[in-house]
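To start, the structure under review is shown below, and the notes come after it.
The values are calculated or read from the model by the stated rules, or taken from the named source; none is laboratory data. Small disclaimer: the values here were computed from a predicted structure and weren't measured. Positions of Cβ are generated from backbone atoms using ideal geometry, with glycine treated the same way; all protein chains shown enter the neighbour counts.
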2 protein chains.
Amino acid sequence: MSKINIAEKFSLFESQWTPKVITESNGQLVKIAKGSGELVWHKHDNEDELFLVFKGQLTLQLRERNIVLNPGEMYVVPKGVEHCPKAEADTHFLMVEPASTAHTGTVESDLTVSSEKQEWI
Amino acid sequence: MSKINIAEKFSLFESQWTPKVITESNGQLVKIAKGSGELVWHKHDNEDELFLVFKGQLTLQLRERNIVLNPGEMYVVPKGVEHCPKAEADTHFLMVEPASTAHTGTVESDLTVSSEKQEWI
């Protein structure tokens with residue numbers, strides 16, 4: 001394995017809300033994604049989901065409050081908690097989550113990218 | 001839980017090679033540390049260890065090569081692989097590793113901080 005330059009990885013794609021896997025550690029996948037606008041309300045029954053923002057602003061809408069993440073800020077959405085990510089234009093963020101995590105939980109939307117289609121870059 | 005501002009967390013301590021836990025996700029602890037100089041050669045038989053650098057330069061010395069990480073760069077030291085981190089003055093980095101991970105593996109050095117003593121900040 002080589003070292004991973006995160007900015008370089010972000011330069012490899014433009015698509016929004018399509019997580020790309022950059023490495024694996026202890027069964028957890030590290031993914032990066034770009035986002036603009038809103039994804040969809042969903043939850044992961046068995047997986048916590050860690051978010052870390054690198055560029056722009058990512059709002060993790062929860063049912064009872066919003067978590068607004070700027071670059072250098074992190075939040076863990078606990079398993080079972082409904083959330084809907086919303087991003088300013090061209091927001092860049094990183095996620096750490098188990099390989100078993102479905103993109104939008106049991107919700108299927110036009111934006112959903114199944115785990116098999118989440119490519120390694 | 002509140003959001004975590006990583007720079008703010010780094011401002012809370014000055015000590016070198018003393019990992020501080022900033023959050024937990026799926027049984028993995030997210031830790032930050034500052035380093036200068038060399039830690040000690042060790043390995044973790046059962047845990048991969050993810051490193052991400054925020055400031056300075058961290059060299060992960062492996063037996064057969066060196067991985068030189070600058071800000072925004074990441075590397076996963078696989079379980080069982082001997083390594084010795086070496087840092088430029090006041091290097092800041094983040095780690096993700098299972099709660100079971102011993103600081104310097106089975107090696108005890110003056111720099112070793114046992115898991116019980118790795119405080120949450």
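Quickly run through the stretch B:70-89 and pick out the residues that are over 21 Å from B:D45 (Cα atoms), at the interface with chain A (Cβ under 9 Å from one of its Cβ atoms) and part of a strand (DSSP E or B).
Taking the stretch B:70-89 and keeping what is over 21 Å from B:D45 (Cα atoms), we get B:70-73, B:87-89.
Now narrow it down to the ones that are at the interface with chain A (Cβ under 9 Å from one of its Cβ atoms): B:70, B:72-73.
Once the filter is applied, which keeps residues that are over 21 Å from B:D45 (Cα atoms), at the interface with chain A (Cβ under 9 Å from one of its Cβ atoms) and part of a strand (DSSP E or B), the stretch B:70-89 yields only B:E73.
Can you tell me which residue is surrounded by the most Cβ atoms within 10 Å (Cβ to Cβ) among those in the stretch A:70-98 that are over 17 Å from A:K31 (Cα atoms) and aliphatic (A, V, I, L, M)?
A:V81
So which residues in the stretch A:1-15 are surrounded by 13 or more Cβ atoms within 10 Å (Cβ to Cβ) and either within 15 Å of A:Q118 (Cβ to Cβ) or out of contact with any strand residue (DSSP E or B) (no Cβ under 9 Å at 6 or more places or on another chain) (or both), if there are any at all?
A:K9, A:F13
Anything in the stretch A:90-110 that is of a type outside the set (G, A, S), closer than 24 Å to A:E64 by Cβ and in a loop (DSSP other than H, G, I, E, B)? List them, or say none.
Listed by number, the residues that qualify are A:T101, A:H103, A:T104, A:T106, A:V107.
Tell me which residues, restricted to the stretch A:40-56, are assigned to a loop (DSSP other than H, G, I, E, B) and either over 20 Å from A:K9 (Cβ atoms) or aromatic (F, W, Y) (or both).
Result: A:V40, A:W41, A:K43, A:H44, A:D45, A:N46, A:E47, A:D48.
Quick one: which of B:V30, B:V53 is closer than 21 Å to A:N26 by Cβ, touching a Gly at 6+ places or on another chain (Cβ under 8 Å), among the β-branched types (V, I, T) and within 14 Å of chain A (Cβ to nearest Cβ)? Even if it seems obvious, please write down each step before you answer.
Details: B:V30 fails: touching a Gly at 6+ places or on another chain (Cβ under 8 Å).
Exactly one of B:V30, B:V53 is closer than 21 Å to A:N26 by Cβ, touching a Gly at 6+ places or on another chain (Cβ under 8 Å), among the β-branched types (V, I, T) and within 14 Å of chain A (Cβ to nearest Cβ), namely B:V53.
For residues that are in contact (Cβ under 8 Å) with a residue 24 or more places away in the chain and of a type in the set (K, R), scanning just the stretch B:60-95, find the one that is nearest to A:N5 (Cα to Cα).
We begin by selecting, within the stretch B:60-95, every residue in contact (Cβ under 8 Å) with a residue 24 or more places away in the chain; these are B:60-61, B:69, B:74-95.
Still in the running and of a type in the set (K, R): B:79, B:86.
Numbers: B:K79: 21, B:K86: 19 Å.
Here the residue is B:K86.
Of A:T101, A:T23, A:T18, which residue is of a type in the set (S, T, Y), more than 10 Å from chain B (Cβ to nearest Cβ), buried (at least 17 other Cβ atoms within 10 Å of the Cβ) and closer than 26 Å to B:L50 by Cα? Reasoning before the result, please.
Details: A:T101 fails: more than 10 Å from chain B (Cβ to nearest Cβ); A:T23 fails: more than 10 Å from chain B (Cβ to nearest Cβ).
Exactly one residue qualifies, and that residue is A:T18.
Show the residue pairs that are 6+ apart or on different chains and have beta-carbon atoms under 7 Å apart, the first residue being within the stretch B:29-49 and within 12 Å of B:L111 (Cβ to Cβ), the second being among the β-branched types (V, I, T) and assigned to a strand (DSSP E or B).
Final answer for the pair search is B:G35/B:T91; B:S36/B:T91.
Taking A:Q61, is it under 23 Å from B:S11 (Cβ atoms) and modelled with pLDDT of 95 or more?
Values: under 23 Å from B:S11 (Cβ atoms): no; modelled with pLDDT of 95 or more: yes.
Spelling it out, it is not the case that A:Q61 is under 23 Å from B:S11 (Cβ atoms) and modelled with pLDDT of 95 or more.
Between B:T106, B:T112, which is among the polar types (S, T, N, Q), within 21 Å of B:L29 (Cβ to Cβ) and touching a strand residue (DSSP E or B) at 6+ places or on another chain (Cβ under 8 Å)? Break it down into steps so the answer makes sense when it comes.
Details: B:T112 fails: touching a strand residue (DSSP E or B) at 6+ places or on another chain (Cβ under 8 Å).
Just a single option satisfies the conditions, and that option is B:T106.
I'd like to verify a number: residues in the stretch B:112-121 that are within 13 Å of B:S15 (Cβ to Cβ) and surrounded by 16 or more Cβ atoms within 10 Å (Cβ to Cβ), how many?
Within the stretch B:112-121, the subset within 13 Å of B:S15 (Cβ to Cβ) is B:113, B:117-119, B:121.
Subset that is surrounded by 16 or more Cβ atoms within 10 Å (Cβ to Cβ): B:113, B:118.
So the answer is 2.
Here are some conditions: (1) at pLDDT 95 or above; (2) over 30 Å from B:H44 (Cβ atoms). A:E47 meets all but one. Which one does it not meet?
Single failed check for A:E47: (2).
Residues in the stretch A:87-94: is at least one under 21 Å from B:L94 (Cα atoms) and among the charged types (D, E, K, R)? Outline the logic, then answer.
Going through the stretch A:87-94, the residues under 21 Å from B:L94 (Cα atoms) turn out to be A:92-94.
Filter once more, keeping what is among the charged types (D, E, K, R): none.
Within the stretch A:87-94, not a single residue is under 21 Å from B:L94 (Cα atoms) and among the charged types (D, E, K, R).
Pull out all pairs, ordered by first then second residue, where Cβ-Cβ is under 7 Å, the residues are six or more apart or on different chains, the first lies in the stretch A:100-116 and is more than 14 Å from A:K20 (Cβ to Cβ), and the second is crowded, with 16+ Cβ neighbours inside 10 Å and basic (K, R).
A:G105/A:K43
Return the only residue of A:D48, A:D90 being out of contact with any helix residue (DSSP H, G or I) (no Cβ under 6 Å at 6 or more places or on another chain) and on the phi > 0 side of the Ramachandran plot. Walk me through it before giving the result.
On the way: A:D48 fails: on the phi > 0 side of the Ramachandran plot.
Going through A:D48, A:D90 in turn, just one is out of contact with any helix residue (DSSP H, G or I) (no Cβ under 6 Å at 6 or more places or on another chain) and on the phi > 0 side of the Ramachandran plot: A:D90.
Here is a yes/no grid of residues against (1) more than 29 Å from B:K3 (Cβ to Cβ); (2) polar (S, T, N, Q):
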position: B:G37; (1), (2): yes, no
position: B:L50; (1), (2): no, no
position: B:V53; (1), (2): no, no
position: B:L58; (1), (2): no, no
position: B:E97; (1), (2): no, no
position: B:S100; (1), (2): no, yes
position: B:D110; (1), (2): yes, no
